Amino acid sequence: MGAGIASCPSPADRGTPCAAADRDALLEILSMSYKATQSRASSVRPLLVGDEVHGRPIRGFAWKAPDPGRRSDHTDDRLLLDGDESLPAPPDRRVPQSSEGAAAIAPMPPSDLSRPGQVIGAADLDPVLSGRIDALLDLHSAGWQPLIRPLVAAVHATGHRLWLAGGAVRDAVCSLPPEQTNDLDMSGTVQAGRFVDITYQVLRATGKTEYPIFVCPDDLVCSVKITDDRTIIEYRGLSAGGFQFPAVGSSLAEDARHRDFSFNSLVYDVMDHKIFDPSGHGLPDLLGDVRRFHPLKETDDPAQLAFVVLRAMKFALRWSGAADLDFEPLHRWLAGLPGDLWASLSTDDWAYLHQERANIDATATRQRDFAAGLPEPGRQLLLTLLGGA
């Protein structure tokens, strides 16, 4: 499948769309692939964290920015093996495109989720949930509509997996209308460079090469945009910790430990219409009698912890009056943090946090009221950010 897409010529490789006949042929291939992967997985098996290469366990995948003027592709992805955790930067070790020749011993997600309630059929949760997700993907007014289904099919055809994640899943589970979703958060097993590679070929196939694709080197988030300031899709591989540089993995269970809250760790498989709840708490915390703020983030990075506090205020003020909210797990989590945690925040950290705080859609008075109810060091952080606001 990947080779079929890549064979379509592009004059001077400047993003010129394929001829109409080529584009139609590619769309037919993507359509056939999508139908096929509805019922069976690709025979290609990519490398996963936990596999072994020459006897060394794979620990994750990193990315190296391409030279200026060159679009990223799979050659920019870097394979991380056991022992690379001590390196200051990713090694110059490319990622093989399949597990051929390696010991493929890691489970392909969601097979890494084995506890009851972690994998749930959409119809078992809500008979109309799958229809709501389909309506979201096929929303005619949305910029992602011509791209998303061919993209999912193309990724799955390589043996990788691609799912809806984050806010799109949370809002669909909460029965929000598709029109209220502004962009799609995606996650999966494909590495950043490979994702750009596949996405670019799908953009060519769908005649949308004017959509720019970016990879943020700070967190490996891949953005597909309509314009420079309007993102329609954000993708990031499943999170992997323990490195001194950004890295991704292939475990849903580990990914959940890097999310802010359990209700934001839900993942939706648009092929099989299943919900993954890796933390085991996401659905109960979102849909219970009270909406529970259960932090998941496992890190000692004060900037990331501060961002979780800001996210707590964002969702608390958004949902105030629409649902009963339970902050007890959040308060317990905050009380366990060091009292002087924010002293090590850099000037850039504070600038970023001020910007994020200013984007919260609530008055300064409401934000102060929320901050006053938090234990330290959460209250101190928010009141410092509010300042004279």
>> How large is the accessible surface of Lys64 in square angstrom, using a 1.4 angstrom probe and rounding to the nearest 10?
In response: 110 Å²
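Relative to the Cα centre, what is the charge dipole magnitude of the chain, using +1 at the beta carbon of each Lys and Arg, -1 at the beta carbon of each Asp and Glu, and rounding to the nearest 20 debye?
Roughly 400 debye, rounded to the nearest 20.
Ignoring ligands, DNA and RNA, what percent of the 1.4 Å accessible area of the stretch 133-211 is carbon and sulfur?
So the carbon and sulfur contribution to the accessible surface is 44 percent.
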> If the chain between Leu383 and Asp218 were fully stretched, how many nm would it gain, using 0.36 nm times the residue separation less the Cα-Cα distance?
Replying inline: 56.7 nm
> Which is farthest toward the positive dipole end of the stretch 294-346 among Trp342, Leu310, Gly321, measuring Cα position about the Cα centre, with Cβ charges +1 (Lys, Arg) and -1 (Asp, Glu)?
Replying inline: Gly321
> Of the beta bridges DSSP finds with both residues in the chain, what % are antiparallel, to the nearest 5?
Replying inline: 80 percent
> Working out 0.36 nm times the residue gap between Arg71 and Ala123, then minus their Cα-Cα distance, what length gain in nm do you get to one decimal?
Replying inline: 14.7 nm
> Within straight cross-link reach of Lys64, meaning Cα distance under 18 Å, which aspartates and glutamates are found once same-chain residues fewer than 8 apart are removed?
Replying inline: Asp73, Asp76, Asp77, Asp84, Glu85, Asp92, Asp197, Asp218, Asp219
> If the cut-off is 18 Å between C-alpha atoms, which lysines fall inside it for Lys297, apart from same-chain ones fewer than 8 positions away?
Replying inline: Lys314
> Among Val169, Ala154, Leu283, which residue has its Cα positioned farthest towards the positive end of the charge dipole of the chain, with +1 placed on the Cβ of Lys and Arg, -1 on the Cβ of Asp and Glu, and the dipole taken about the Cα centre?
Replying inline: Ala154
>> Please list, in order along the stretch 354-361, the HN-Hα scalar couplings obtained from phi with the Karplus expression 6.51 cos²θ - 1.76 cosθ + 1.60 (θ = phi - 60°), rounded to whole Hz, x for Gly and Pro.
In response: 4, 5, 5, 5, 5, 7, 6, 7
>> I need to check one value: relative contact order of the stretch 264-322, counting alpha carbon pairs closer than 8 Å and at least 6 residues apart, in percent.
In response: 17 percent
>> Of Pro246, Gly188, Leu353, which is farthest towards the positive pole of the chain's charge dipole, taken about the Cα centre with +1 and -1 on the beta-carbons of Lys, Arg and Asp, Glu respectively?
In response: Gly188
> In the stretch 135-267, what percentage of the DSSP-assigned beta bridges are antiparallel, given to the nearest 5?
Replying inline: 75 percent
>> So if I take the alpha carbon set of the stretch 276-332, get Rg, then get Rh from the Kirkwood formula, what is the Rg over Rh ratio?
In response: 0.97
> Taking the chain as a Gaussian network, Cα atoms linked when under 10 Å apart, which of Val267, Val308, Val49 shows the biggest mean-square fluctuation?
Replying inline: Val308
> Taking R0 as 41 Å, what's the FRET efficiency between Ser43 and Asp82 from their Cβ-Cβ distance, rounded to 0.05?
Replying inline: 0.90
> From the backbone phi of the stretch 331-347, what are the Karplus-calculated ³J(HN,Hα) couplings (6.51 cos²θ - 1.76 cosθ + 1.60, θ = phi - 60°) in whole Hz, Gly and Pro given as x?
Replying inline: 5, 5, 5, 5, 5, x, 8, x, x, 9, 4, 7, 5, 8, 5, 7, 4
> Residues of the chain: accessible area per residue at 1.4 Å, in Å²?
Replying inline: 44 Å²
> Hey, in the GNM for the chain with a 10 angstrom Cα cutoff, which one of Asp361, Asp326, Asp219 fluctuates hardest?
Replying inline: Asp361
>> Suppose R0 equals 35 Å. What FRET efficiency, 1/(1 + (r/R0)^6) with r the Cβ-Cβ distance, do His331 and Ala358 give to the nearest 0.05?
In response: 0.90
>> What is the distance in Å between the Cα centroid of the stretch 44-97 and that of the stretch 235-314?
In response: 23 Å
> So what does the Cα-only Debye profile of the stretch 147-261 read at q = 0.18, 0.21 Å⁻¹, as log10 I(q)/I(0), no solvent term?
Replying inline: -0.97, -1.28
> Can you list the residues, at least 5 places off or on another chain, whose amide H is less than 5 Å from the amide H of Ser99, using H built in the peptide plane?
Replying inline: Arg45, Leu47
> Expressed as a whole number of Å, what is the distance separating the alpha-carbon centroids of the stretch 178-196 and the stretch 322-342?
Replying inline: 29 Å
> Between Gly242, Gly336, Gly378, which gets the highest mean-square fluctuation from a Gaussian network model of the chain, Cα cutoff 10 Å?
Replying inline: Gly336
> Hey, what does the equivalent ellipsoid look like for the stretch 226-366, semi-axes from the Cα gyration tensor as sqrt of 5 times each eigenvalue, largest first, whole Å?
Replying inline: 23, 21, 18
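The values are calculated or read from the model by the stated rules, or taken from the named source; none is laboratory data. Treat the numbers as computed from the prediction; the structure is a model and nothing was measured. Backbone-built Cβ (ideal geometry, glycine too); neighbour counts: all protein chains shown. What goes into the accessible areas is simple: the full protein's heavy atoms, side chains included, and nothing from ligands, DNA or RNA. Shrake-Rupley method; radii C 1.70, N 1.55, O 1.52, S 1.80 Å.
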